[in-house]
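Here the structure comes first, spelled out in structure tokens, and everything after it is commentary.
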Amino acid sequence: MKIREVVDALERFAPLPLQESYDNAGLQIGLTEAEISRVLLCLDVTESIVDEAIAKGCNVIVAHHPLIFAKLAHITGQTYVERCVAKAIKNDIAIIAMHTNMDAAFGGVNHRIAQKMGLTDVAFFGSQQTIGGVDGGQGVVGNLPESLGAEEFLAMVKERFHVECVMTNELLSRPIRRVAVCGGAGSFLLGEALKAGADAFVTGEMSYHGYFGHEQQIQIAVIGHYQSEQFTTEVFRDILEPMGVECVISEINTNPIKYL
């Protein structure tokens with residue numbers, strides 16, 4: 001099987017036009033006509049991830065976050081990005097990124113987060129579009145199987161996402177049933193979550209001032225960028241394995257944030 005076939009399958013599921021204007025998803029390094037050995041699935045591309053691919057006989061890395069995001073003016077080994085690019089090219093490893101297009105696509109990252117919480121009747125909220133027959137939206141909203149109190153809800157989120165802590169606002173005095181989701185840096189969708197009638201909003205990042213003014217309006221649950229998107233590799237696996245592609249989910253936690 002050719003690398004081109006993997007790229008095509010990923011882009012059929014999450015077309016590149018679904019990505020945000022600032023993004024740089026798609027094939028970043030490699031030749032599309034090269035044959036695949038194995039594929040390593042990960043969230044971020046770091047030097048240790050490239051080393052893992054080499055050690056495990058993978059000549060393709062499929063990552064959520066693009067390795068090459070800003071313009072590369074040179075490749076001199078001064079940054080980890082430059083070192084990763086050089087090492088990948090030297091070892092004939094292709095790198096593919098599926099970022100905000102995979103967040104937005106139906107069945108993508110946000111849907112997987114909703115699935116982990118057991119949400120039903122899941123629908124898009126925020127800006128929406130359809131590209132090549134694939135529906136996409138900035139976030140998703142759905143219903144819990146049964147209403148939960150605020151403390152029960154937050155405990156469930158901690159357990160399902162294996163997080164050290166949840167950053168939240170004042171506990172709601174009413175039950176939580178309708179939950180809005182946006183993985184990663186999703187604070188920009190808080191207002192849309194309110195419009196969608198959500199009792200709670202789960203995301204990866206939010207600034208300090210974003211918590212103010214929503215007391216008893218909505219339960220904010222911020223679980224960390226990496227933690228919110230950690231199951232993205234499962235989405236990649238579910239797309240590629242039915243094609244007969246041998247996939248390996250990375251064993252490396254690339255989260256740069258440590259909790260002491």
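The values are calculated or read from the model by the stated rules, or taken from the named source; none is laboratory data. From a predicted model like this one, the values you see are computed outputs, not experimental measurements. As a convention, Cβ positions derive from the backbone with ideal geometry for all residues, glycine included, and neighbour counts pool all protein chains shown. Only protein heavy atoms, including side chains, enter the accessible area calculation; ligands, DNA and RNA are left aside. Shrake-Rupley method; radii C 1.70, N 1.55, O 1.52, S 1.80 Å.
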Sole exception among (1) without any contact (Cβ under 8 Å) to a residue 12 or more places away in the chain; (2) in contact with a helix residue (DSSP H, G or I) (Cβ under 7 Å, 6 or more places away or on another chain) for Asp8, by number: (2)
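Considering the stretch 195-212 alone, what residues qualify as being open to solvent by 50 Å² or more (accessible area, probe 1.4 Å) and among the small types (Gly, Ala, Ser)?
First, the residues of the stretch 195-212 that are open to solvent by 50 Å² or more (accessible area, probe 1.4 Å): 195, 205, 207-209, 212.
If the condition is that a residue be open to solvent by 50 Å² or more (accessible area, probe 1.4 Å) and among the small types (Gly, Ala, Ser), then Ser207 is the only one that fits.
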Residue match in the stretch 77-98 (condition: in a helix (DSSP H, G or I), buried (at least 17 other Cβ atoms within 10 Å of the Cβ) and in contact (Cβ under 8 Å) with a residue 60 or more places away in the chain): no
Search result, residues across the stretch 222-260 that are of a type in the set (Asp, Glu) and either open to solvent by 30 Å² or more (accessible area, probe 1.4 Å) or more than 21 Å from Val202 (Cα to Cα) (or both): Glu234, Asp238, Glu241, Glu246, Glu251
Whichever residue in the stretch 45-76 is over 24 Å from Glu229 (Cα atoms) and of a type outside the set (D, E, K, R) and, among such residues, is least open to solvent (accessible area, probe 1.4 Å): Gly57
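Matching residues to (1) of a type in the set (Ser, Thr, Tyr); (2) more than 17 Å from the chain's Cα centre (by Cα); (3) assigned to a helix (DSSP H, G or I); (4) farther than 24 Å from Met98 by Cα:
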{"residue": "Thr130", "(1), (2), (3), (4)": "yes, yes, no, no"}
{"residue": "Glu146", "(1), (2), (3), (4)": "no, yes, no, yes"}
{"residue": "Leu154", "(1), (2), (3), (4)": "no, yes, yes, yes"}
{"residue": "Glu170", "(1), (2), (3), (4)": "no, yes, no, yes"}
{"residue": "Arg177", "(1), (2), (3), (4)": "no, yes, no, yes"}
{"residue": "Glu192", "(1), (2), (3), (4)": "no, yes, yes, yes"}
{"residue": "His209", "(1), (2), (3), (4)": "no, yes, yes, yes"}
{"residue": "Gln216", "(1), (2), (3), (4)": "no, yes, no, yes"}
